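J.: The structure follows.
The values are calculated or read from the model by the stated rules, or taken from the named source; none is laboratory data. Worth saying up front: this structure is predicted, and the values here are computed from it rather than measured. Glycine gets a Cβ as well: all are built from the backbone with ideal geometry, and neighbour counts include every protein chain shown. These area figures cover heavy atoms from the full protein model, side chains too; ligands, DNA and RNA do not enter into them. Shrake-Rupley method; radii C 1.70, N 1.55, O 1.52, S 1.80 Å.
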Amino acid sequence: MRAIDPLLGLAETKCKDHRMQRIETDADISRGLDALVLLDRRLGPVRAMAGAIPLRRSPAGFHSLASVIVAQQVSRTSADAIFNRLCRLVDPFTPEAFLSGGESVMVQAGLSRAKQRTLTALSVALRDGALDLERLDTFPADEALAALTAIPGIGPWTAQVYLLVAAGHPDIFPAGDVALQTAVGHALGHEPRPPANQLALMAETWSPWRSVAARLFWAYYREIRGAEAAPAT
């Protein structure tokens with residue numbers, strides 16, 4: 001394996017050691033961006049265009065994962081409105097309180113049937129101890145993804161976004177995210193936008209900093225489209 005410049009802060013470019021430093025601070029973002037430009041020179045102009053790259057971190061737990069589930073396949077504005085209503089109706093926002101609220105609360109909040117089923121399955125798993133969100137950041141990314149996608153209704157995009165924003169995994173890239181597909185396609189001259197499988201292959205170039213690359217391209221999307229598409233935190 002090829003050794004790299006100490007600037008990258010890791011022993012090897014393709015290190016998959018889950019004990020590598022989490023993305024916790026703005027300094028981690030800056031370090032990752034410097035590393036990405038060295039790994040792929042095409043990202044220099046992308047970085048210049050993208051402007052400020054937000055950290056985008058939220059506390060691990062039910063609240064954060066539920067917000068990602070609500071954001072599936074809806075606009076940022078709609079997701080925020082639905083989740084805010086849900087949090088007002090379920091207070092405190094815990095798995096137990098969510099289950100106690102029942103179907104009427106979910107309908108009042110505006111949750112689709114599919115999201116009702118997913119949040120119910122998640123709440124049951126957390127209540128019964130089948131899933132421990134607080135420990136996921138100690139797992140390798142593939143094991144953490146497997147634990148999350150074992151919950152009915154949680155797919156790869158939801159699991160990847162949660163691990164990126166709440167667990168701080170440094171090497172996660174949600175290739176199924178339409179905004180990321182659009183941003184990468186625009187920035188790197190791939191039209192129409194690359195599909196998820198192609199983008200996942202492209203993103204391998206940016207390992208072990210794919211989570212910073214995702215933040216970079218979300219910020220780039222904001223600049224080219226004038227709208228925020230990154231997950232809320």
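J.: Out of (1) over 23 Å from residue 98 (Cβ atoms); (2) of a type in the set (Lys, Arg); (3) open to solvent by 40 Å² or more (accessible area, probe 1.4 Å), the odd one out for residue 22 is which?
T.: Tallying (1) over 23 Å from residue 98 (Cβ atoms); (2) of a type in the set (Lys, Arg); (3) open to solvent by 40 Å² or more (accessible area, probe 1.4 Å), residue 22 fails exactly one: (3).
J.: Now a separate question. Could you tell me which numbered condition residue 162 fails, if it satisfies all but one of (1) closer than 25 Å to residue 88 by Cα; (2) in contact with a Ser or Thr (Cβ under 8 Å, 6 or more places away or on another chain); (3) open to solvent by 30 Å² or more (accessible area, probe 1.4 Å); (4) not hydrophobic (A, V, I, L, M, F, W, C)?
T.: (3)
J.: Test each condition in (1) in a helix (DSSP H, G or I); (2) at pLDDT 95 or above for residue 143 and report the one that comes out false.
T.: Single failed check for residue 143: (2).
J.: Of everything in the range 111-149, what is out of contact with any Leu (no Cβ under 8 Å at 6 or more places or on another chain) and under 15 Å from residue 69 (Cα atoms)? Give them in sequence order.
T.: 112, 113, 114, 115, 116, 117, 118, 121, 149
J.: Also: For the range 59-77, give me each residue that is assigned to a loop (DSSP other than H, G, I, E, B) and open to solvent by less than 20 Å² (accessible area, probe 1.4 Å).
T.: If the condition is that a residue be assigned to a loop (DSSP other than H, G, I, E, B) and open to solvent by less than 20 Å² (accessible area, probe 1.4 Å), then 61 is the only one that fits.
J.: Hey, can you tell me all the residues within the range 90-130 that are among the hydrophobic types (A, V, I, L, M, F, W, C) and surrounded by fewer than 17 Cβ atoms within 10 Å (Cβ to Cβ)?
T.: Scanning the range 90-130 gives 97, 99, 107, 114, 124, 130.
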